[in-house]
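Chemist: Please read through the structure below; I'll follow up with questions.
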Amino acid sequence: MLYRNIVSAVFLERLNRFVALADLDGVTQTVHVKNTGRCAELLVPGCRAWLQKADGPAARKTGYDLIAVEKARPEQAPLLVNLDSAAPNAAAGEWLAGGGLGDLEGLRPEYQLGGSRFDFFARRPNGTPVLVEVKGCTLESDGLARFPDAPTLRGEKHVRELTERQAQGYECAVLFVLQMEGMRLFAPNWDTHPAFGAALRKAQATGMRVLALGCRVQPDRLEIACPVPVDLAAPDPV
């Protein structure tokens with residue numbers, strides 16, 4: 001997943017889910033935020049940000065897209081986090097096409113099945129249908145990546161639908177693409193959405209694959225690099 005025309009800026013303020021302000025060489029720019037999640041721990045005024053000059057129509061209200069930011073960490077170097085919500089699917093598509101899940105035939109994105117749409121569909125050489133759902137993850141603490149950063153009924157629904165398809169003979173997987181480097185572990189965000197974590201545990205128990213994929217991250221690229229251990233154990237009640 002590569003970007004062109006990347007420039008460094010200073011993040012100033014998020015105005016709403018889609019729009020923010022950034023200082024680019026002393027000029028305040030209105031930029032498009034390519035992630036509608038909360039990202040409160042990332043979009044901090046004064047942090048370093050990377051923008052991509054837009055190639056879209058002249059009628060666009062923003063001349064740049066916000067691609068990545070540096071997250072400050074106590075006694076550690078800043079962590080570069082890709083914020084583009086479209087990047088995980090693009091990186092996952094490259095990974096799948098390159099054999100990340102083994103031999104697949106007829107890989108198709110945005111696959112409509114019944115009343116649902118899944119991120120990827122393919123078949124094994126033996127004909128077994130494969131469904132893959134991709135989730136981008138930007139929330140971390142001390143190398144622990146967690147998803148989601150806000151309640152996601154849509155994400156929970158996706159996991160439950162995949163669990164049903166798994167029982168019908170499909171091979172299903174959920175890929176959590178970690179949009180930062182150096183993560184040591186992935187876990188559901190039990191504090192924010194415990195039902196999502198419970199749905200993941202049930203899905204894994206039925207044979208569905210739950211994978212976390214660490215990435216190589218640069219201001220101008222996001223590339224899946226290696227698997228990261230997954231912990232689906234629920235925390236002990238207080």
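The values are calculated or read from the model by the stated rules, or taken from the named source; none is laboratory data. None of the values given here were measured: they were computed from a predicted structure. So basically every Cβ, Gly included, is an ideal-geometry build from the backbone, and we count neighbours across all protein chains shown. Please note that ligands, DNA and RNA were not included when accessible areas were found on the heavy atoms of the full protein model with its side chains. Shrake-Rupley method; radii C 1.70, N 1.55, O 1.52, S 1.80 Å.
Chemist: Sort 153-159, 225-231 for me by packing, meaning the mean count of neighbouring Cβ atoms within 10 Å per residue, highest on top. It would help to have the intermediate numbers written out before the result.
Modeler: Values: 153-159: 16.6, 225-231: 13.9.
Top of the packing list down: 153-159, 225-231.
Chemist: Can you give the calculated 222 nm mean residue ellipticity of the chain, where each DSSP H run of n ≥ 4 adds -39,500 (n - 2.57) and the sum is split over every residue, rounded to the nearest 500 deg cm²/dmol? If you can, show how the numbers build up before the last one.
Modeler: Values: 3 runs with 38 residues, N = 238.
That comes out to -5000 deg cm²/dmol.
Chemist: In terms of Cα to Cα distance under 17 Å, which aspartates and glutamates are near enough to K61, apart from those fewer than 8 places away along the same chain?
Modeler: Cross-link targets: E13, D23.
Chemist: By average Cβ neighbour count within 10 Å, what is the ranking of 87-97, 67-77 from highest down? Intermediate values should be presented prior to the final figure.
Modeler: Details: 87-97: 20.5, 67-77: 15.8.
My ranking of the peptides, most packed first, is 87-97, 67-77.
Chemist: Could you name the lysines whose alpha carbon sits less than 28 Å from that of K202, not counting residues in the same chain fewer than 8 places away?
Modeler: Cross-link targets: K135, K157.
Chemist: Considering only DSSP beta bridges with both partners in the range 12-107, what is the antiparallel share in %, to the nearest 5?
Modeler: On the way: 18 of 21 bridges.
Here the share of antiparallel DSSP bridges comes out near 85 percent.
Chemist: Evaluate E = 1/(1 + (r/R0)^6) for T30 and A150, where r is the Cβ-Cβ distance and R0 equals 25 Å; express this FRET efficiency to the nearest 0.05. Don't skip to the end; give the middle numbers.
Modeler: On the way: r = 24 Å, r/R0 = 0.96.
For T30 and A150, the calculated efficiency is 0.55.
Chemist: What share of the DSSP beta bridges in the chain is antiparallel, in percent to the nearest 5?
Modeler: 70 percent
Chemist: Taking the DSSP beta bridges in the range 132-238 as the whole, what percent of them are antiparallel, to the nearest 5? Display every interim value, and only then the final one.
Modeler: On the way: 10 of 26 bridges.
Expressed as a percentage, antiparallel bridges in the range 132-238 total about 40.
Chemist: Another one. Mind putting a number on the dipole of the range 125-183 about its Cα centre? Charges go on the C-beta only, +1 for Lys and Arg and -1 for Asp and Glu, and I need it in Debye to the nearest 20. Write out the running numbers ahead of the final one.
Modeler: Working: 6 positive and 9 negative charges, 47 e Å.
With Lys and Arg at +1 and Asp and Glu at -1, about 220 debye.
Chemist: Show R201, R14 ordered by accessible area, largest first, where the area counts protein heavy atoms only and the probe is 1.4 Å.
Modeler: Working: R201 105, R14 60 Å².
Result of the area sort, largest leading: R201, R14.
Chemist: Same structure again: Which net charge results when you count Lys and Arg as +1 and Asp and Glu as -1 among the other residues whose beta-carbon is under 15 Å from that of V69? List each step's numbers first, then the result.
Modeler: On the way: positive: R14, K34, R38, R48, K71, R73; negative: E13, D23, E41, D65, E70, D84, E140, D149, E181, D220.
Net charge in that neighbourhood comes out at -4.
Chemist: Of the peptides 209-215, 107-113, 5-11, 135-141, how do they stack up when ordered by the mean number of other Cβ atoms within 10 Å, highest first? It would help to have the intermediate numbers written out before the result.
Modeler: On the way: 209-215: 20.6, 107-113: 13.3, 5-11: 17.3, 135-141: 22.1.
So the order, starting with the most tightly packed, is 135-141, 209-215, 5-11, 107-113.
Chemist: Separate question: Only four residue types carry charge here, +1 at the Cβ of Lys and Arg and -1 at the Cβ of Asp and Glu. Report the dipole size of the chain about the Cα centre in Debye, rounded to the nearest 20.
Modeler: On the way: 27 positive and 28 negative charges, 104 e Å.
In debye, rounded to 20, the chain gives about 500.
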